[in-house]
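Here, each number is a calculation from the coordinates, and none is a lab measurement. Worth saying up front: this structure is predicted, and the values here are computed from it rather than measured. Please note: Cβ atoms are built from the backbone with ideal geometry, for glycine as well, and neighbour counts cover all protein chains shown.
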Amino acid sequence: MHTKNAGKESSRRKFLKNSIKGAVGTLALSHLPTIVPAHVVRGPLAPSNRINIGAIGNGRISREHDMPGVWKYDLARIMAVCDLDRNRVQSAQKLVNDYYTKKTGQASSAVKMYDDYRELLNNKDIDAVLISTPDHWHVLPAIHAVRAGKDVYMQKPAALTISEGRLLSNEVHKSGRILQIGSQQRSMPQFKRACELVRNGRIGKLHTIYVGLPIDDPSQSTVEKEMPVPAGFNYEMWLGETPYVPYTLKRVHPTNDFSRPGWLRIEQFGAGMITGWGAHHFDIVNWGMGTEYTGPIEITASAEFPPAGSLWDVHGPFKSENLYANGVKVLASNSYPNGVKFVGSEGWIFVSRGSYSATANDPATAAKNSKALDASDPKILTSVIGENEIKLYDSKDQHGNWLDCIVSRQAPIAPIEVGHRACSVCLLNHAGMKLKRKLYWDPVKERFKNDDEANALLSRPQRSPYILD
């Protein structure tokens, strides 16, 4: 294409390519299109050479993980923040402005505030969004974002029901947008290494995988009386598609800090640690087995739950068994060390985040010297992956890989379908906990076999006007 702006476009493309290559180093960028995608060069991006980002949800994960994960790259600029809690969005605005002031040495006050994500999506200057909302507010803003032409980085789990996850995956593929799931373990070198070794037969024929997950302490569950909704907090919208219930502080999030919120322990808004950390570890299970686009065919699970009427009502101690069509059994429990252990006919590999602890009840708490990567024989870990063997997607940083793919238009390391399938395993285990019997799953049709009661768990009623169409 020859236009009077051809030289400018060529220069801009080179700038973007070099910026990402230097900062991220995740993908071979030889696949960059000849012309940078229209949504990347439109508006203020042309002169500024930046991807403009809006942050939807400004709580703990946004402040500590997602916004810092993006703003460290000069290629990106957070230009808007959005939250239903006015205190949080104001705090986020100050946080981002202060960061850019310190980084540039010039006073920054350019970050815009929004109380409604739909207004943020209407801003044509915004190219991409971070979705760091509670679990029950993942799917709807993500669908609206891709329909608005925005690329998306979305926290896991992909959805609260399998039907919502399927709808989101279909919408993303229809839109052609880049959606990265926040399954950042894929960008941690030990997980890639473990999965490559397993996929290339270094432990022989794989037959069993153990998944250790943390849990929340059910003894901390409590009953609270209704409280006044804090000023500046749109509680009605915060409930979203879920049924209306009275406001209590421990049902939502702290008002004076950004510590772990109460909604994580309530099934109305999530499924507990089976999705909270299961989305991470079952994703690694799928990656190591090569089952990223399918799922188990049989599921058996059991769990302890708090007494009826408890405010915090997610599962406590649990165990589950998943059988895949390849004959591999995947056993999960809070009694195993936090991580994933692949066991084959000739040895085993264990991979984790080391001594990192997710909760006070995390099995890793008792293993402060836990290795991030271990094996039955140290020689397994030093094995060289040959030229003609399986080599998995290489990403050095989850957020950086997302930015990389916004430019290249290549698939990210954790695309929506992969995230949906990992989340589905979690939700299948949760269904097993609830029904307390063996379930038979068809991963192609995404339906339980001859089980109306189980299939009723694939979706749930949605409260107007927060309905997925």
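For segment 258-266, in order, what is each residue's ³J(HN,Hα) by Karplus, 6.51 cos²θ - 1.76 cosθ + 1.60 with θ = phi - 60°, in whole Hz (x at glycine and Pro)?
Once θ is set to phi - 60°, the couplings for segment 258-266 become 10, 6, 4, x, x, 4, 4, 9, 10 Hz.
So how do 103-112, 89-98 stack up, highest first, on mean other-Cβ count within 10 Å? Please report the intermediate quantities before stating the final value.
Details: 103-112: 11.9, 89-98: 18.7.
Top to bottom by mean Cβ count within 10 Å: 89-98, 103-112.
Sorted from fewest to most neighbouring beta carbons within 10 Å, what does the list Arg421, Arg260 look like?
On the way: Arg421 23, Arg260 15.
Ordered from fewest to most neighbouring Cβ atoms within 10 Å, Arg421, Arg260 come out as Arg260, Arg421.
Averaging over all projection directions, find the projected area of the Cα convex hull of segment 80-144 and quote it in nm² with one decimal place.
Mean orientational projected area (segment 80-144, Cα hull): 4.7 nm².
Kindly flag which residue pairs out of Lys124/Lys445; Lys174/Lys371; Lys371/Lys438; Lys329/Lys371; Lys192/Lys329 have an alpha-carbon separation exceeding 30 Å in this structure.
Flagged as over cut-off: Lys124/Lys445; Lys174/Lys371; Lys371/Lys438.
Amide H of Phe233: which non-local residues (sequence gap of 5 or more, or other chain) have their own amide H closer than 5 Å, using H built in the peptide plane?
HN-HN under 5 Å from Phe233: Arg86.
For a protection proxy built on the mean count of beta-carbon atoms within 10 angstrom, sort 330-343, 307-320, 441-454 highest first, please.
330-343, 307-320, 441-454
Grab every C-alpha pair in segment 172-221, bin the distances at 10 angstrom width from 0 up to the longest one, and report whole percents.
Percent of Cα pairs in each bin: 17, 28, 27, 23, 4.
I want to check the label-to-label distance for Thr248 and Lys436. Put each point 7 Å from Cα in the C-beta direction and report it in nm to one decimal.
That separation, rounded to one decimal, is 2.5 nm.
In the chain, what % of DSSP beta bridges are antiparallel (nearest 5)?
The antiparallel fraction comes to roughly 55 percent.
Taking the Cβ of each residue in Trp137, Trp402, Trp263 as the centre, tally the other Cβ atoms inside 10 Å and list the residues starting with the fewest. Kindly include the intermediate steps, with their values, before the conclusion.
On the way: Trp137 26, Trp402 33, Trp263 20.
By the 10 Å Cβ count, ascending, the order reads Trp263, Trp137, Trp402.
Once every Cα of segment 384-469 carries one equal point scatterer and solvent is ignored, give the base-10 log of I(q)/I(0) from the Debye formula at q = 0.26 Å⁻¹, two decimals.
After summing over all Cα pairs, the log10 values are -1.23.
Listed here are the pairs Lys103/Lys396; Lys112/Lys225; Lys319/Lys391; Lys72/Lys112; Lys341/Lys396; which of them are more than 25 Å apart at the Cα?
Lys112/Lys225; Lys319/Lys391
Which value in Å does the Kirkwood hydrodynamic radius of the chain take, with 1/r averaged over all unlike C-alpha pairs and then inverted?
One decimal place: 23.2 Å for the Kirkwood radius.
Please give the charge dipole size of the chain, origin at the Cα centre, charges +1 on K and R Cβ atoms and -1 on D and E Cβ atoms. Round to the nearest 20 debye.
The calculation lands at about 1360 debye.
Find the all-direction average of the projected area of the Cα convex hull for segment 109-189, expressing the result in square nanometres with one decimal place.
The directionally averaged projection comes out at 6.5 nm².
Each residue of segment 150-160 in turn: what ³J(HN,Hα) in whole Hz from Karplus with 6.51, -1.76, 1.60 and θ = phi - 60°, glycine and Pro shown as x?
For segment 150-160, the Karplus-derived couplings read 9, 7, 9, 10, 10, 4, 7, x, 4, 6, 8 Hz, x marking Gly and Pro.
Using Cβ contacts closer than 10 Å as the measure, can you line up Arg86, Arg193 from fewest to most?
Ascending number of Cβ neighbours within 10 Å: Arg86, Arg193.
Taking the highest mean first, how do the peptides 284-291, 127-134, 240-247, 69-76 order by number of other beta carbon atoms within 10 angstrom per residue? Please list the in-between numbers first.
Details: 284-291: 22.5, 127-134: 25.9, 240-247: 14.9, 69-76: 19.5.
Ranked from most to least packed, the peptides come out as 127-134, 284-291, 69-76, 240-247.
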